[in-house]
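A short write-up of the structure that comes next.
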Amino acid sequence: MNIYTQQEIEGQPELWHSVLNLIQQRSKEIKDFLQPVIEKKELQIILSGAGSSAFIGEAAQGIVQRQTGRTTRAVATTDIVTHPESFLCAEKPTLLISFARSGNSPESLETLKLVNHFCEEAYHLVITCNEEGELAQYALAHPKKAFAFLLPEGANDKSLAMTGSFSSMLLSVLLIFSEENIEKKKEVIESLVRQAKRILEKKKDFHELAAGNYERVVFLGSGPLLGIARECGLKLQELSDGIFICKHDSFLGFRHGPRAVTNEKTLMVYLFSAKDHVYKYELDLAKSIAGDERNIACVTLGRQREPVLNPLLNIDLEFKGEEDFHVVTAALVGQLLGLYKSLDLGLDPDNPSKSGAISRVVEGVVIYDQPNSLKA
């Protein structure tokens, strides 16, 4: 019981060092493939995956767009499969970046085919944990149009929930498109490792939080951290076998209706931005909730402790210029809450789904032929 999940969560800092080393080793290959593609002025970049892999794209989308100067969208494979005509533009060169732990998801494989079918000029960057997966094998067999970036073996989680695989794939795409030199990237990794250790050393606090009498947990994040908030919610739901229902939103968006979900048994988790301007908006919302007469509890990540918020747990990450990359470490909050809630409920975190409703690789998806009206 719980053979892998805790090890995979705690092993992420070491894994991130391995990811950077691998990118450094393959930097020429990566550049030779990507540079001619990125130079295409009308290029559209689509970041895609299913479930947690889709949330990688959501967290990375704005950062990659700034890094490349090319229009970038995060679109889940589960959306592209059903509505390819809504997301794919035939006339524009397209780079599909696929995130996949196994590389065998039916939707991921179908999305690759659909991009090739709909787009006159299609390229693929596959970021995956499994060399034997069908996505990796496709990329390896089509070197002129595709490139497979295979993560270190340790990134291929053995447990059900994606932890090290999630953070490693997210880190990979941010590093691949970053223009920082290798020494600066090493500094970034050291900063992320320092942040992760600050979070991991609070394991006792997360254990106590998981034992709390909460019915709902709401994760809030702005910009790239919105995708992380969504991933944190999924982690807690997966690892608690759906017993905990979670919500996610942006700080500003939460004011416009979703705040109705809060009650005296709600735990708010604030993933604060490293950007001072953004933090002003976030803190205003958090202070408003702190003034609620129902005494709604909260956890705060990123900034110094704000006494007015009276957080049950605050973790100051002491930002030092890695504002784009700290989305990677923020994901650990959902992972740890999920792990300890799973244990608190007497579940096996490695395989928490008693009914088998969810599995490591999705099952039961039938792929249907596209209607003739959509075929070229």
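The values are calculated or read from the model by the stated rules, or taken from the named source; none is laboratory data. Predicted model only: the values in this text are computed from it and were never measured. Backbone-built Cβ (ideal geometry, glycine too); neighbour counts: all protein chains shown.
The table below lists the values:
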{"read-out": "Qualifying residue in region 312-328 (condition: under 16 Å from SER52 (Cα atoms) and in contact with a helix residue (DSSP H, G or I) (Cβ under 7 Å, 6 or more places away or on another chain))", "value": "yes"}
{"read-out": "Which numbered condition TYR270 fails, given (1) assigned to a loop (DSSP other than H, G, I, E, B); (2) within 25 Å of GLY57 (Cβ to Cβ); (3) modelled with pLDDT of 95 or more; (4) touching a Ser or Thr at 6+ places or on another chain (Cβ under 7 Å)", "value": "(1)"}
{"read-out": "Residue among ALA141, ALA148 that alone is at pLDDT 95 or above, in the same structural domain as SER27 (by TED's automatic domain parsing) and touching a strand residue (DSSP E or B) at 6+ places or on another chain (Cβ under 6 Å)", "value": "ALA148"}
{"read-out": "Test: ASP284 is exposed (fewer than 14 other Cβ atoms within 10 Å of the Cβ), out of contact with any Cys (no Cβ under 7 Å at 6 or more places or on another chain), at pLDDT 95 or above and of a type in the set (Asp, Glu)", "value": "yes"}
{"read-out": "Of all residues making up region 224-255, the number that are of a type in the set (Val, Ile, Thr) and in a helix (DSSP H, G or I)", "value": "1"}
{"read-out": "Candidates LEU200, LEU234, LEU252, LEU271, filtered to the one that is of a type in the set (A, V, I, L, M) and either assigned by TED's automatic domain parsing to the domain that holds ARG73 or surrounded by 23 or more Cβ atoms within 10 Å (Cβ to Cβ) (or both)", "value": "LEU271"}
{"read-out": "Qualifying residue in region 246-268 (condition: under 24 Å from the mean Cα position of the chain (by Cα) and touching a residue at least 60 places away in the same chain (Cβ under 8 Å))", "value": "no"}
{"read-out": "Which listed residue is in contact with a Pro (Cβ under 9 Å, 6 or more places away or on another chain) and of a type in the set (D, E, K, R), from GLU91, GLU42, GLU85, GLU10", "value": "GLU42"}
{"read-out": "Residue in region 171-178 that is crowded, with 19+ Cβ neighbours inside 10 Å and either among the aromatic types (Phe, Trp, Tyr) or part of a loop (DSSP other than H, G, I, E, B) (or both) present", "value": "yes"}
{"read-out": "Residue check, GLU282 in contact with a helix residue (DSSP H, G or I) (Cβ under 7 Å, 6 or more places away or on another chain) and of a type outside the set (Val, Ile, Thr)", "value": "yes"}
{"read-out": "Residue among SER165, SER159, SER105 that is within 21 Å of the chain's Cα centre (by Cα) and modelled with pLDDT of 95 or more", "value": "SER165"}
